[in-house]
Amino acid sequence: MKTSIRPFDQPLEPRAEWDTPMFNLAQNQFLHAAELMGLDENLRDRLLFPQRTMLVSFPCRRDQYSEVETVFGYRVQHILTMGPTKGGIRYHEDVNLGEVSALAMWMTWKCALMHLPFGGAKGGVRIDPSKLSRPELQRLTRRYTLEIFDMIGPDRDIPAPDMGTNAQVMAWIMDTYSLQVGHAVNEVVTGKPVVLGGAQGREEATGRGLIYLVKEAADHLQLDLKGATAVVQGFGNVGRNAAIYLAEHGTRIVAVSDVSTGIYNPRGLNMVSLVEHVEREGVLKGYSDGEEISNAELLELDCDILIPAALQNQITEDNAARIKCRILAEGANGPTSMEADAILAERGIFVLPDILGNAGGVTVSYFEWVQNTQEFAWSLEETNERLHRMLTGAFQRTLQRSQRDGIDMRTAALMEGIARVAEAKLVRGIFP
Ligand code: NAD
């Protein structure tokens, strides 16, 4: 691989390092909110870039012993002011520094909006996990953990699952970390298997939390969820659980999709047989009780509730005018561009923005960390009751700010988070 060294007389623009569409989106959302709230310029500039960034390249030995692949991994900590940092680890073939940094920044606002004692972080490895065998995935995870070992820790930075990772991956991270320090450290990750101290209900918390919020939004809009219709993009951890809990309210799930295809059935899809099919086949493709549609068509279906729960950048200026839902409930991070936001606002679509919509995951992760540090486990009922209380509280704070200041829900949620971080930064002061 060729490398080029920038001539010394050419200054490095700080943003060139992070210059990707997703980081630009996160920064521009922040700048928009900062301007409306009159945030101090010095503070604004401090919050615009991550405080710590680690980029590693490391070897991953394939099952064919002689094949060794060099892969890239990241861990980014956006703000260290609020307490330890917290954020998921993503395995995906498109992961890059800008994407991980955007996700870390959103985690900061999300934790602050939820009043959790964490700053935002995120990690990722640029690899397609579906192409790895289980032993390959385990070796990759253990080596990545060692590469970022100095950055993480139960009082420093606590990873969790995100796209392409799960409870098993968290168990391998916990094991690798524990072997290094010489004793079991369950609280170094959240979203673990329950037998290792994982919180009851963590796995489904993001989807469950999103539906708690959809219920609040529906009540606000006087929409009865019983008999309403919904469309869900993504049928992984977040999308699948959101669809299941929404169906329990009597809402008809008319379409779902994953990376393989979309499935549409205007009479409503049967969640039990759909989940059985995906557990058996791995993907939605081949499900017979509905017709196949593309992901692009799915987003534009007529429905009351649209849930993007897969990738970023799905609702843009190209399709926003054709989105027909009443509530856009964002399970994924960064699914909507700023141009699309403006179009949706003009059309009166109620948006549950990502930093609120998917905050159920990090909230139950926080519960898990609290339980681990106290060596005490809560019941599922207690977890869900506390989750409900915290999410509905954040919803009301956001709605009130949105109504008081005449701004959209995303900007209101961002302002709630930014204001709290700014206040903490000011009282801590600057060293020296
Ligand atoms: P996952 O890996 O469990 O599932 C992802 C789903 O998206 C899969 O069904 C996959 O097939 C589908 N998908 C992938 N590419 C697609 C494409 N091009 N078109 C349509 N579908 C596609 O991931 P997840 O944990 O459910 O995460 C989904 C989103 O939710 C991500 O944006 C993630 O950052 C966000 N999120 C997850 C959590 C969590 O607790 N897991 C918490 C907060 C936010």
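The values are calculated or read from the model by the stated rules, or taken from the named source; none is laboratory data. Note that the coordinates shown come from a computational prediction; the quantities given were computed from them, not determined experimentally. Cβ coordinates were reconstructed from backbone atoms using ideal geometry, including for glycine residues, and neighbour counts include every protein chain displayed.
Within segment 197-221, work out how many residues are surrounded by fewer than 24 Cβ atoms within 10 Å (Cβ to Cβ) and over 16 Å from residue 395 (Cβ atoms). Residues flagged as surrounded by fewer than 24 Cβ atoms within 10 Å (Cβ to Cβ) and over 16 Å from residue 395 (Cβ atoms) within segment 197-221 amount to 5. For residues in segment 125-155 being charged (D, E, K, R) and under 20 Å from the mean Cα position of the chain (by Cα), which is surrounded by the most Cβ atoms within 10 Å (Cβ to Cβ)? Out of the qualifying residues, it is 126.
Figure legend. Inter-residue proximity from segment 232-255: first residues of a type in the set (Ser, Thr, Tyr), second residues within 10 Å of the ligand (Cβ to nearest atom), beta-carbon distance below 9 Å, spacing 6+ or different chains. Indicated pairs: 245/204; 245/207; 245/210. When segment 347-384 is filtered for residues that are more than 12 Å from the ligand (Cβ to nearest atom), part of a helix (DSSP H, G or I) and in contact with a strand residue (DSSP E or B) (Cβ under 8 Å, 6 or more places away or on another chain), the ones remaining, listed by number, are 366, 369.
Among the residues examined, residue 370 qualifies as over 20 Å from the mean Cα position of the chain (by Cα) and surrounded by 13 or more Cβ atoms within 10 Å (Cβ to Cβ). Restricting 275, 238, 259, 254 to those that are over 30 Å from residue 23 (Cβ atoms), under 23 Å from the mean Cα position of the chain (by Cα) and not assigned by TED's automatic domain parsing to the domain that holds residue 165 reduces the list to 275.
Only one entry in 302, 224 is farther than 26 Å from residue 337 by Cβ and more than 11 Å from the ligand (Cβ to nearest atom), namely 224.
Among residues of segment 58-69 that are in contact (Cβ under 8 Å) with a residue 40 or more places away in the chain, those with a beta-carbon under 9 Å from a residue that is polar (S, T, N, Q) and not in a loop (DSSP other than H, G, I, E, B) at least six positions away or on a different chain give the pairs 58/70; 59/70; 60/70.
If you go through segment 90-107 and keep only what is within 13 Å of the chain's Cα centre (by Cα) and farther than 18 Å from residue 191 by Cβ, you end up with 99, 101, 102, 105. Being farther than 18 Å from residue 243 by Cβ, of a type in the set (A, V, I, L, M, F, W, C), within 14 Å of the ligand (Cβ to nearest atom) and in the same structural domain as residue 257 (by TED's automatic domain parsing) holds for only one residue in 321, 296, 309, and it is 296. Confirm whether residue 208 is within 12 Å of the ligand (Cβ to nearest atom), assigned to a loop (DSSP other than H, G, I, E, B) and either closer than 20 Å to residue 356 by Cβ or modelled with pLDDT under 95 (or both). When the stated conditions are applied, residue 208 does not pass them.
The residue pairs whose first member lies in segment 23-42 and is farther than 15 Å from residue 78 by Cα and surrounded by 12 or more Cβ atoms within 10 Å (Cβ to Cβ), whose second member is among the polar types (S, T, N, Q) and at pLDDT 95 or above, and whose beta carbons are closer than 7 Å, counting only pairs six or more residues apart or on different chains, are 25/337; 32/411; 33/411; 36/411. Might you check whether a residue that is in contact with a Cys (Cβ under 6 Å, 6 or more places away or on another chain) and either within 14 Å of the ligand (Cβ to nearest atom) or free of Cβ contacts under 8 Å to residues at least 12 places away in the same chain (or both) occurs anywhere in segment 181-199? The answer is no; no qualifying residue exists. Of the residues making up segment 231-260, those that are within 16 Å of the ligand (Cβ to nearest atom) and either small (Gly, Ala, Ser) or surrounded by fewer than 18 Cβ atoms within 10 Å (Cβ to Cβ) (or both) are 234, 236, 239, 242, 243, 255, 257, 259, 260.
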